[in-house]
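A.B. asks: Quick one: structure below, then a few questions.
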Amino acid sequence: MENQMLQTPPKNWLVQSILVTIFCCLPFGIVGIINATKVDSLFRSGNVEGANQAAANAAKWTKIGFIVGIIWIVIYAILMFTGALGGMMI
Amino acid sequence: MRKAYWIVVVVIGVLLIGVYKSFAPAEYAFFPKCPFLLFSGFRCPGCGSQRALHELFNMHFAAAFQQNMLLVISAPYILTGMVIENIKNPSARLLQIRQHIFGGYAVWVVLVIVVSFWILRNIPCFSPFF
């Protein structure tokens, strides 16, 4: 089991990065995918610490993309609401 | 706690599917516009994904493909990834399969596809196809 743990690279957040890229419309998802490419290559070269660092970065950028996406939707909803009140449809 | 989380996920999911199936994003202003397109004038890899979802949920696959082909081709891949990630105590064989499809060179393939799609859909002579 321990051996298996050692052979399994850390979670690379690829699926979540693609989702953020497609649905949050911001380049942060791509930064997540770039970090995901590093996770495995570093792990393969034996740099476990570097792989963990890249995995943490992939997670960080994916979450930033997700949160910024949510904030944008909220801002858009507020603009929409006030704009609609002023008779200004975007 | 975990059960409550899944109930919330399923309820929100069903609501969103209902909204995107019933309302065409191109015809209603309440769907959020892409901030990248709004501020930069360039299309991002996700532009058209809301319209594509609307077409997908109504079984119009060709129309969905026209709106955002990246979403259509990546949907089965993403769904597979989500299912595999949520399997408890995966077997060694499953971990190996996951590593082949979602790790190593596969990540580079995804990166190249996403970035080429992003560039091609912003080049005027290619943009009608992407």
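A.B. asks: Yes or no: B:ILE101 in a helix (DSSP H, G or I), in contact (Cβ under 8 Å) with a residue 12 or more places away in the chain, under 23 Å from A:ALA54 (Cβ atoms) and at the interface with chain A (Cβ under 10 Å from one of its Cβ atoms)?
C.D. replies: Criteria met by B:ILE101.
A.B. asks: Taking into account only those residues within the range A:21-34 that are part of a helix (DSSP H, G or I) and over 14 Å from B:LEU70 (Cβ atoms), which is nearest to the other protein chains (Cβ to nearest Cβ)?
C.D. replies: It comes out as A:ILE34.
A.B. asks: Continuing with the same structure: Check whether at least one residue in the range B:100-109 is over 19 Å from A:VAL31 (Cα atoms) and either in contact with a helix residue (DSSP H, G or I) (Cβ under 6 Å, 6 or more places away or on another chain) or not aliphatic (A, V, I, L, M) (or both), and report yes or no.
C.D. replies: The answer is yes, given that some residue of the range B:100-109 is over 19 Å from A:VAL31 (Cα atoms) and either in contact with a helix residue (DSSP H, G or I) (Cβ under 6 Å, 6 or more places away or on another chain) or not aliphatic (A, V, I, L, M) (or both).
A.B. asks: Identify the residue in the range A:31-54 that is open to solvent by less than 10 Å² (accessible area, probe 1.4 Å) and among the aliphatic types (A, V, I, L, M) and, among all such residues, is nearest to B:PRO35 (Cα to Cα).
C.D. replies: A:ILE33
A.B. asks: Another question, if that's okay. A:THR82 passes all but one of (1) at positive phi; (2) more than 11 Å from chain B (Cβ to nearest Cβ); (3) at pLDDT below 85; which number fails?
C.D. replies: (1)
A.B. asks: Mind counting the residues in the range B:24-60 that are in a loop (DSSP other than H, G, I, E, B) and away from chain A (no Cβ under 14 Å)?
C.D. replies: The qualifying residues number 4.
A.B. asks: Any residue at all in the range B:88-97 that is among the small types (Gly, Ala, Ser) and outside any helix (DSSP H, G or I)?
C.D. replies: Yes, some residue in the range B:88-97 is among the small types (Gly, Ala, Ser) and outside any helix (DSSP H, G or I).
A.B. asks: Determine whether B:SER49 is of a type in the set (S, T, N, Q), over 20 Å from B:PHE129 (Cβ atoms) and either free of Cβ contacts under 8 Å to residues at least 12 places away in the same chain or buried (at least 18 other Cβ atoms within 10 Å of the Cβ) (or both).
C.D. replies: no
A.B. asks: Among the listed residues A:ILE71, A:ILE18, identify the single one that is at the interface with chain B (Cβ under 8 Å from one of its Cβ atoms), assigned to a helix (DSSP H, G or I) and modelled with pLDDT of 90 or more.
C.D. replies: On inspection, the qualifying residue turns out to be A:ILE18.
A.B. asks: If you don't mind, another one. Among the residues of the range A:24-54, which ones are under 11 Å from the mean Cα position of the chain (by Cα) and at pLDDT 90 or above?
C.D. replies: Once the filter is applied, which keeps residues that are under 11 Å from the mean Cα position of the chain (by Cα) and at pLDDT 90 or above, the range A:24-54 yields A:PHE28, A:GLY29, A:ILE30, A:VAL31, A:GLY32, A:ILE33, A:ILE34, A:ASN35, A:ALA36.
The values are calculated or read from the model by the stated rules, or taken from the named source; none is laboratory data. Keep in mind that what you see is a predicted model, and the values were worked out from it rather than measured. Neighbour counts run over all protein chains shown; Cβ positions are idealised from the backbone, glycine included. All accessible areas refer to the heavy atoms of the entire protein, side chains included, with ligands and DNA or RNA removed. Shrake-Rupley method; radii C 1.70, N 1.55, O 1.52, S 1.80 Å.
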